[in-house]
Amino acid sequence: MTDTQPQHPSHLSVRRSTVDGVRVVALHGELDHAARAELGDVLHPPGAESPRTVADLAGVTFMDSSGINILIAAHRAAAESEGWLRITGARPSVLRVLQLVGLDQVIPCFDTLPQALEN
């Protein structure tokens, strides 16, 4: 597991793990323009690892259009690798953003990590 700690409380930190061959990327903080540099390609499937990824957004307190673009790019990269991206644990305010732009219709969203892993 790899962690990145935020420089400021509002910045993004990332915790990565693997559960039953699925990459789980837990994000904490704000998923915005500033997070793009911090997040990099962490949601994109690496060549040697599983192209199946669950983005755990339970710790995300804010998301803007930059966060949406990050998730879209990760979804496309997973699909190109014959895998998938799923979202779990989004807080109501973050889930509302996903719903407003219709991203919840493109990337499956689940309430809990076990649900995201079993479907």
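The values are calculated or read from the model by the stated rules, or taken from the named source; none is laboratory data. A quick note: this is a predicted structure, and the numbers were derived from the prediction, not measured. So basically every Cβ, Gly included, is an ideal-geometry build from the backbone, and we count neighbours across all protein chains shown.
For the reader, a short list of remarks on this structure follows.
- Tally of residues being surrounded by fewer than 22 Cβ atoms within 10 Å (Cβ to Cβ) and at pLDDT below 85 across the range 44-71: 6
- Residue in the range 89-104 that is of a type in the set (Lys, Arg), surrounded by 17 or more Cβ atoms within 10 Å (Cβ to Cβ) and either at positive phi or not in a helix (DSSP H, G or I) (or both) present: no
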